[in-house]
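Peer 1: Take this structure, written in C-alpha cells, and hold onto it; I'll ask about it next.
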Amino acid sequence: MKTIKIYKVTNTEAYMMSEIGSGYSLYPYGKQTRYYKGYDDGGVDYIIPDGYTVEEGNDERLHFYDDKGNFCELVSRFGKPAIVTDDGFLLLKRA
C-alpha cells in the first residue's frame, strides 16, 4: 500500500475572487505575497489507489496518473480529495 501526503489548501486573499476558497494539492501552501494569502492543514496521508501512480510531470510537479499513463486531476469532491477518472470521481481514503 503506497501513500501520499495531500494538503487541504485555503486561499483567504487572491488577485481574483474566483481563486479564494479551499481545495487539495500535493504541495503545501507556499509563500504569501502581496496579492495571495492563505494556509494549508499540514497534510494528511492518503492511500494511492491500485492502478494509479503519483509521478513528476513535464512541469516538474507531482500529479496522479492512471495505469495507461493518463493525467488524473486532483479535486475536491464532497469536501474530500478525489481524482478525476474516465468513469467519474474516485474519492481517496485516508491511510
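Values quoted throughout were computed directly from the atomic coordinates according to the rules given, and no laboratory measurement underlies them. For clarity, every value in this text was computed on a predicted model and none was experimentally measured. As a convention, Cβ positions derive from the backbone with ideal geometry for all residues, glycine included, and neighbour counts pool all protein chains shown.
Peer 1: Give the lysines reachable from Lys8 as a straight Cα distance under 23 Å; neighbours fewer than 8 places away on the same chain don't count.
Peer 2: Once the sequence-local lysines are set aside, what remains near Lys8 is Lys31, Lys37, Lys80, Lys93.
Peer 1: Under a point-charge model restricted to the Cβ atoms of Lys and Arg (+1) and Asp and Glu (-1), what is the dipole moment magnitude of segment 3-91 relative to its Cα centre, in debye to the nearest 20?
Peer 2: 500
Peer 1: Find which of Ile48, Tyr15, Gly79 sits farthest along the positive direction of the dipole of segment 3-91, computed with +1 on the beta-carbon of Lys and Arg, -1 on that of Asp and Glu, about the Cα centre.
Peer 2: Tyr15
Peer 1: When only DSSP loop residues count, what trypsin sites (Lys or Arg not before Pro) in the chain have their Cβ near at most 14 other Cβ atoms within 10 Å?
Peer 2: The qualifying sites are Lys2, Lys31, Arg34, Arg61, Lys68, Lys93.
Peer 1: Right, here's the next one. Determine ³J(HN,Hα), in whole Hz, for all residues of segment 60-68 in sequence, where each value follows from phi through the Karplus function 6.51 cos²θ - 1.76 cosθ + 1.60 and θ = phi - 60°; x replaces Gly and Pro.
Peer 2: Working through the residues one at a time gives 6, 10, 6, 8, 7, 9, 7, 5, 9 Hz.
Peer 1: What's the local net charge at Arg61, with K and R +1, D and E -1, over the other residues with C-beta under 15 Å away?
Peer 2: The answer is -4.
Peer 1: With springs only between Cα atoms under 10 Å, which of Asp59, Asp45, Asp67 fluctuates most in a Gaussian network model of the chain?
Peer 2: Asp59
Peer 1: Sequence gap at least 6, Cα distance under 8 Å: using those rules, report the relative contact order of the chain to the nearest whole percent.
Peer 2: 24
Peer 1: What percent of all Cα-Cα pairs in the chain falls into each 5 Å bin, going from 0 up to the bin containing the maximum distance?
Peer 2: For the chain, the pair-distance distribution reads 3, 13, 22, 24, 19, 12, 6, 2, 0.
Peer 1: Follow-up question, since we're still on this one. Using the Karplus equation 6.51 cos²θ - 1.76 cosθ + 1.60 (θ = phi - 60°), what ³J(HN,Hα) coupling, rounded to whole Hz, does each residue of segment 15-31 give in order, writing x for Gly and Pro?
Peer 2: With the stated coefficients, segment 15-31 comes to 4, 10, 4, 5, 8, 7, x, 10, x, 10, 8, 7, 10, x, 3, x, 7 Hz.
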